[in-house]
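Below: the structure, in structure tokens.
The values are calculated or read from the model by the stated rules, or taken from the named source; none is laboratory data. Predicted, not measured: the structure shown is a model, and the values here were computed from it. Cβ placement follows ideal geometry from the backbone for every residue including glycine, while neighbour counts extend to all protein chains displayed.
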Amino acid sequence: MRRRLLLAFAAAGALAAPAAAQRAPEALFYYVDREDSWRSLQQHIAQIDILAPDVFAVDTMGVIYGELDPRVLELARRHDVKVMPLVVNRPFDDRQLHALLSDDAAVQRLVVSLVELCRRYALYGIQVDFENLNIRDRDAFTRFYRTLATALRNAGGYHTSVAVVHRPDELAGPTKYHQWLMETWRGGYDLKALAEAGDFVTVMTYSQHTRRTPPGPSASIQWVREVTDYFLRFMPPEKLSLGVPTGGMHWYTSQEDRITPELARSYSQNVSYAWGVGLLERHGARIQWSEEHQVPFGFYANGGTWEWVFLEDARSFAAKLELVTQRRLRGYSVWVLGPEDPKIWDAAGGRAPRAAAGGER
């Protein structure tokens, strides 16, 4: 009897060990050069694994410009947080991006500059955030990314990741709007090749609805699940980081003289969680919860015209983190520090365990 009990306990321990040793999701947070982002970073630095400042942009000639705040670097180093800045093709113009990717000298200039940035600031690596990427530039972008990943790895073991816009299906979709998205936003990313070339892919599941669309959630949980499962067809879960939004969107009627002859249109703007809640309270609107979509929202009449506010809060944040756990993803990438519901940090929990000495940079 005693022997059977000992064997049973041993078996239970063997089963429990892998679960206990399971890696905690990696928490990447984006940082922008604003006071609210800096305040949030100072308060929550201990809960961040990778900090991704959005500070560097590139032009059509491959020239990088931008500056890392030395306070941010010093804070990250004191707390053993990896720094992986973005390089962005601001202002997300597909023609300018085509000119860059078609110019071998410009691409080489960009790669050399990114290696130098990693060396100069002792960075963890670089995340590429090239958007409005036309489907015709798919192969050119893949070549650039492979070249960059190889150069960073060979220069000192620096890491490479890429931010990719959402895509839920192999087909474009039902409308002309979806056709436009596929041609100029979604179709330019070779997901399998990008995952193989770099360390991980961040999928931006947010912007499900934007200023171009009717009101709706930034990232409905159903939508996030669809997009995630599509991406997992092309890469293992340990290569995928789930893009999670903070803040919210406010839809309203915008009067604009430049739009003729109508002079007005439905439009939206980003709002912080606090300001979104404030707008609803100011107009006596009730904050509602969509159980189906796992997001809070509200609407109200302003001069007889309805305005809508869709938010992301701690509850919607936790729902997305649960999907990270369910799909055993590498982690999550939060856009952005500053406008969040302060209670999301309760859901975020602690930092993932550090790598052993001699491991990753």
Please go through the stretch 92-129 and give me each residue that is among the aromatic types (Phe, Trp, Tyr) and out of contact with any Asp or Glu (no Cβ under 9 Å at 6 or more places or on another chain), ordered by number.
TYR121
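From the list LEU68, LEU41, LEU28, LEU51, which residue is within 20 Å of the chain's Cα centre (by Cα), of a type in the set (A, V, I, L, M, F, W, C) and over 19 Å from ILE126 (Cα atoms)?
Values: LEU68 fails: over 19 Å from ILE126 (Cα atoms); LEU28 fails: over 19 Å from ILE126 (Cα atoms); LEU51 fails: over 19 Å from ILE126 (Cα atoms).
Of the residues listed, the single one that is within 20 Å of the chain's Cα centre (by Cα), of a type in the set (A, V, I, L, M, F, W, C) and over 19 Å from ILE126 (Cα atoms) is LEU41.
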Show the residue pairs that are 6+ apart or on different chains and have beta-carbon atoms under 6 Å apart, the first residue being within the stretch 27-51 and in contact (Cβ under 8 Å) with a residue 40 or more places away in the chain and within 9 Å of GLY338 (Cβ to Cβ), the second being hydrophobic (A, V, I, L, M, F, W, C) and in a loop (DSSP other than H, G, I, E, B).
TYR31/LEU337; VAL32/VAL336; SER37/LEU337; SER40/LEU337; LEU41/LEU337
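Of all residues being of a type in the set (A, V, I, L, M, F, W, C) and surrounded by 20 or more Cβ atoms within 10 Å (Cβ to Cβ) in the stretch 324-361, which is modelled with the lowest pLDDT? Just the residue, please.
ALA348
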So which helices (runs of 4 or more DSSP H) stay within the stretch 97-212 end to end and still have 1 or more residues that are surrounded by fewer than 22 Cβ atoms within 10 Å (Cβ to Cβ), more than 23 Å from the chain's Cα centre (by Cα) and without any contact (Cβ under 8 Å) to a residue 24 or more places away in the chain?
104-121, 138-156, 176-181
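Scan ASP69, ASP80 and give me the residue that is within 30 Å of HIS44 (Cβ to Cβ) and in contact (Cβ under 8 Å) with a residue 60 or more places away in the chain. Step through it out loud before you land on a result.
Working: ASP69 fails: in contact (Cβ under 8 Å) with a residue 60 or more places away in the chain.
So the residue among ASP69, ASP80 that is within 30 Å of HIS44 (Cβ to Cβ) and in contact (Cβ under 8 Å) with a residue 60 or more places away in the chain is ASP80.
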Could you list, in sequence order, all residues of the stretch 255-302 that are surrounded by 14 or more Cβ atoms within 10 Å (Cβ to Cβ), in a strand (DSSP E or B) and not aromatic (Phe, Trp, Tyr)?
SER266, SER268, ASN270, VAL271, SER290, VAL295, PRO296, GLY298
Could you check how many residues of the stretch 310-320 are assigned to a helix (DSSP H, G or I) and surrounded by 22 or more Cβ atoms within 10 Å (Cβ to Cβ)?
3
